[in-house]
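Coordinate-derived values only; no laboratory data. Everything quoted here is computed from the prediction, not taken from an experiment. Glycine also receives a Cβ, built like all others from the backbone with ideal geometry; neighbour counts cover every protein chain displayed.
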Amino acid sequence: MIDDDTGETLESVDKDKVLLLSGWNWYEYEIAGQYLSAIFNDDWTGLDDREGRELQDFLDSLPAVVGHWDIVENGENEFGLCDVSGMRANTETVRLMFKTGEGE
């Protein structure tokens, strides 16, 4: 497949552009590691009551889209501000993926 804008083959463009060309869009968040199992696997057993409430409040505040979660593969996590807790932690960049037109 050829990109109409640049004439490049899709193999030579980055993953984000391929996703956009395929009709996907996303919301991006920085999430601390302790929340990832609950988000990706629905396994809340590693969270204490406070963390569980924080995560549920965060999830309830998200845009109402039908989609799935994805981790941005940048090779490392960062010490940054967690969008769930509002505290500094080792975070991963994660995306709530949805088809264009469903979350806009």
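General observations
Okay, residues lined up against (1) of a type in the set (Val, Ile, Thr); (2) assigned to a helix (DSSP H, G or I); (3) closer than 23 Å to residue 19 by Cβ; (4) touching a residue at least 60 places away in the same chain (Cβ under 8 Å):
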| site | (1), (2), (3), (4) |
| --- | --- |
| 47 | no, no, no, no |
| 52 | no, yes, no, no |
| 64 | no, no, yes, no |
| 70 | no, no, yes, no |
| 74 | no, no, yes, no |
| 84 | yes, no, no, no |
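- Residues that are assigned to a strand (DSSP E or B) and more than 11 Å from residue 95 (Cα to Cα) within the stretch 25-45 comprise just one, 32.
- Taking the criterion of being surrounded by 11 or more Cβ atoms within 10 Å (Cβ to Cβ) and among the hydrophobic types (A, V, I, L, M, F, W, C), the residues of the stretch 45-76 that qualify are 47, 55, 58, 59, 62, 65, 69, 71, 72.
- Output for the stretch 21-35, where each listed residue is touching a Pro at 6+ places or on another chain (Cβ under 8 Å) and crowded, with 20+ Cβ neighbours inside 10 Å: none
- Conditions (1) in contact with a strand residue (DSSP E or B) (Cβ under 8 Å, 6 or more places away or on another chain); (2) in a loop (DSSP other than H, G, I, E, B); (3) exposed (fewer than 14 other Cβ atoms within 10 Å of the Cβ); number of the one not met by residue 79: (2)
- All conditions in (1) on the phi > 0 side of the Ramachandran plot; (2) buried (at least 17 other Cβ atoms within 10 Å of the Cβ); (3) not polar (S, T, N, Q) hold for residue 42, with the sole exception of (2).
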